[in-house]
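Presented below is the structure to which this report refers.
The values are calculated or read from the model by the stated rules, or taken from the named source; none is laboratory data. Note that the structure is a prediction, hence the values are computed from the model and not measured. Every residue, glycine as well, gets a Cβ built from its backbone with ideal geometry; the counts of neighbours run over all protein chains shown. Surface areas here come from the heavy atoms of the whole protein model, side chains and all, with no ligands, DNA or RNA. Shrake-Rupley method; radii C 1.70, N 1.55, O 1.52, S 1.80 Å.
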Amino acid sequence: MKINNGVYLSFGGSFRVQYLIMDNEGWSDALRDKDGFMLTRWLLHADLHLSNKVRIFAEVQSALANSREILVPVEENPLKAHQLFIDYKPFSRIPLTLRAGRQELSYGSQRLISVRDAPNSRRSFDGVKAFIRQQKVDMDVFYMHAVEDQIGIFDDTSSPDLRLWGAFSDISTSKENLNLNFYYLGFYNAEALFNDGAGIEKRHTLSGRIVKNGRRWRYDLEGGYQFGTIGNRKIAAWSTAFATSYRFNEMAYSPEIGLKTDIISGDKSNSDRKHQTLNPLFAPGAYFGMAAPLAPSNLIDVHPSASLKLGNAASITCDYAFLWRYSTGDGIYRPNMIPYFEFDDTPARYIGSQISGVFIFQPTRHVSVATGMSWFNSGEYLKSVTVGNDILFGFVSAQVVF
């Protein structure tokens, strides 16, 4: 909507509704939900361009968890100021933008910094960012405080105890569809808690990624190393992740087969002054699937998949994930990096396996519908530290973008 010469205002948003049913959530029948629950989310924004140098963006979010017996902020956040920032471009010939205010962050594969779309309430940060967008190189430098979700109306606050800073680059190489990512991330948590104890966490991450999106072959290789301190313990953690797929374009339904695998370090002993548990920082809430929301830490996983395109608007994907603990001296973690269970010195490594199937129908770029099911078969480790019941999970969702 044009307001004046060089001044215009636009509006937009999205609405998503999900019905979910889960049996034996957390591998225990204590959280059995026989009739399921519904998650809804509204996002509404206004985008005001005052000139070719100044932009103001505002967005509100409403996330509700209906019939959910235990409410958590990532699912229930009735009304929040999700984003409110101002952009300023100081130079006409240099593609530099300065941004200040509340904003989303999302980088690379989103293994470490994500918008956390799956659970319900998306994540945002308060801070400043400078970024350059060029044809071959994109670069971001930022300093942020995480916004803590609360179960109330306009009560989310910027946390001085949870900070993130760093730099990220995305480089397009001379080879077609081949990109490189490099980033440094600094992280501060005043109230960190791991299986080897609590403490003030000052962590640094160096990571690199190479990704190729070809017509048939696709691959994504990423590795990182973390150092710093937590309490009086020195951090030395690392991870590697590899994903590849091949699409048979000439065959009916364009079948695609894929394989993902991760090796992610865990702590070797909870009684020494070394800390090897990788912290995925602000990873997505459903890295290995919504049935068993595990943080990507102290894990080895092998994850084959297959998918079919059912015309131009529909697809079906099936995958099977196998999960082990990397170190028997450490446990497993929730997506917020809180230990799932009190540490038990069990020698068992095998956590379990999860088989899933998802059908997606997207008749237009504004409308999408999806449904799927998962079964998590508990392994020896889960049966040694908890009841170890298998998890059954199903969902139906619909989203409209306007």
inquiry  = Return the residues of the range 204-260 that are closer than 29 Å to residue 192 by Cβ, of a type in the set (Val, Ile, Thr) and under 19 Å from the mean Cα position of the chain (by Cα); say none if nothing qualifies.
reply    = 205, 240
inquiry  = Any residue that is modelled with pLDDT under 95, open to solvent by 60 Å² or more (accessible area, probe 1.4 Å) and over 19 Å from residue 29 (Cα atoms) - is there at least one of those in the range 376-398?
reply    = no
ask   = What number of residues within the range 108-134 are of a type in the set (S, T, N, Q), out of contact with any Asp or Glu (no Cβ under 7 Å at 6 or more places or on another chain) and under 26 Å from residue 72 (Cα atoms)?
value = 2
inquiry  = I need the full set of residues from the range 247-290 which are assigned to a loop (DSSP other than H, G, I, E, B), open to solvent by less than 60 Å² (accessible area, probe 1.4 Å) and of a type in the set (Ser, Thr, Tyr), in order please.
reply    = 254, 265, 269, 277, 287
request  = Of all residues in the range 306-340, count the ones that are open to solvent by less than 40 Å² (accessible area, probe 1.4 Å) and in contact with a strand residue (DSSP E or B) (Cβ under 7 Å, 6 or more places away or on another chain).
outcome  = 13
query = So how many residues does the range 1-32 have that are assigned to a helix (DSSP H, G or I) and open to solvent by less than 40 Å² (accessible area, probe 1.4 Å)?
reply = 2
note = Only unsatisfied item for residue 38, checking (1) part of a strand (DSSP E or B); (2) on the phi < 0 side of the Ramachandran plot; (3) open to solvent by less than 50 Å² (accessible area, probe 1.4 Å); (4) of a type outside the set (D, E, K, R), is (3)
query = Among the numbered criteria (1) open to solvent by 10 Å² or more (accessible area, probe 1.4 Å); (2) farther than 16 Å from residue 379 by Cα; (3) of a type in the set (Val, Ile, Thr), which single criterion is violated by residue 302?
reply = (2)
message = One residue is enough: does the range 94-111 have a residue meeting the conditions modelled with pLDDT under 95, assigned to a loop (DSSP other than H, G, I, E, B) and more than 30 Å from residue 224 (Cα to Cα)?
response = yes
